[in-house]
Amino acid sequence: EQVGEDGSTTTLEERVINSSLKAITGKNKTLVLSIFRFFAVFPEDAPVPAAFFNVFASELSGEDKKARNSVAVGNALSTLLKYNLIKGSLKRGHGVFQHDIVRDFVISKYSEVELQTRQKSVVNTILAARPEDCGFPNALYSTTPSFSAYVHRFLFWHMKGALLLGEEPPHEWVTFQDEIVKANLTLAIGLDALSTISQSKEASGNLIGAAELLYAAQYLRSINPAIRQKLLFKITE
């Protein structure tokens, strides 16, 4: 650690990262830094495909022209790769991620509430981008589009980060039409916690709300068949 004149301390890693950020120049510097901070929402060592960033292109750039935004976001990601602020590849079938030290640095720039708010926005943007033809697939194949494959594997992380411990999830997440979304929701909250929220709703007389939560819970991947049967029986009581 190094102590500054104002008494603040910085580590060697922080100084290296800040030096790399200061070295970035050009008219798209604001976008590059915005995307750099955006990496705080991703799970550790999870390769994020370029297609995911295309979905968020307008949100990240603050403009409405989707095609131009996608190019700008791609260029910004290439800049971050150039300065070793992210790792991986933007090639099809690959993805980009941050080293854990850099990721910790980015997360530290958010308060807990700010990061939860951002994660909730990420989830809502993902759900709004549901493929119109067949929705989010419930199984992964070699032909699964990279955005949908990421959602299949990691949506739970964003849902978990968006909610406080014991917080009731938004109704639109619980009743979303694709099974994989319900599966990720249950993985994010936990089967026991979801059952507890359902019991609370039942006790207050909201039987439909209680049943909707249990119906979502039974889509948990690798759930014990006996537990699924118990949940379904409870729903029909």
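For a quick check of your reading of the model, give me the residue pairs whose first member lies in the range 191-203 and is within 20 Å of K160 (Cβ to Cβ), whose second is small (G, A, S) and in a helix (DSSP H, G or I), with beta-carbon atoms closer than 6 Å and at least 6 apart or on different chains.
Note: pairs meeting the criteria are L191/A217; L194/A217; S198/A210.
Scan the range 110-135 for residues that are closer than 12 Å to V41 by Cβ and either in contact with a Lys or Arg (Cβ under 6 Å, 6 or more places away or on another chain) or in a helix (DSSP H, G or I) (or both) and jot them down.
Once the filter is applied, which keeps residues that are closer than 12 Å to V41 by Cβ and either in contact with a Lys or Arg (Cβ under 6 Å, 6 or more places away or on another chain) or in a helix (DSSP H, G or I) (or both), the range 110-135 yields E114, L115, Q116, T117, R118, Q119, K120, S121, V122, V123, T125, I126.
Table: residues versus (1) more than 12 Å from the chain's Cα centre (by Cα); (2) open to solvent by less than 10 Å² (accessible area, probe 1.4 Å); (3) of a type outside the set (A, V, I, L, M).
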position	(1), (2), (3)
S146	yes, no, yes
V151	no, yes, no
K160	no, no, yes
Q177	yes, no, yes
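Which one of these is within 30 Å of F39 (Cα to Cα), open to solvent by 20 Å² or more (accessible area, probe 1.4 Å), more than 15 Å from the chain's Cα centre (by Cα) and among the charged types (D, E, K, R): E172, E202, E212, E237?
E172
With respect to S195, determine if the residue is open to solvent by 90 Å² or more (accessible area, probe 1.4 Å), out of contact with any Lys or Arg (no Cβ under 8 Å at 6 or more places or on another chain) and either modelled with pLDDT of 90 or more or outside any helix (DSSP H, G or I) (or both).
When the stated conditions are applied, S195 does not pass them.
The values are calculated or read from the model by the stated rules, or taken from the named source; none is laboratory data. In this text the structure is predicted, and so the values were computed from the model without any measurement. Neighbour counts are summed over all protein chains in view; Cβ atoms, including those assigned to glycine, are modelled from backbone coordinates with ideal geometry. Ligands, DNA and RNA are stripped out before the accessible areas are found, and what is left, the full protein with its side chains, is counted by its heavy atoms. Shrake-Rupley method; radii C 1.70, N 1.55, O 1.52, S 1.80 Å.
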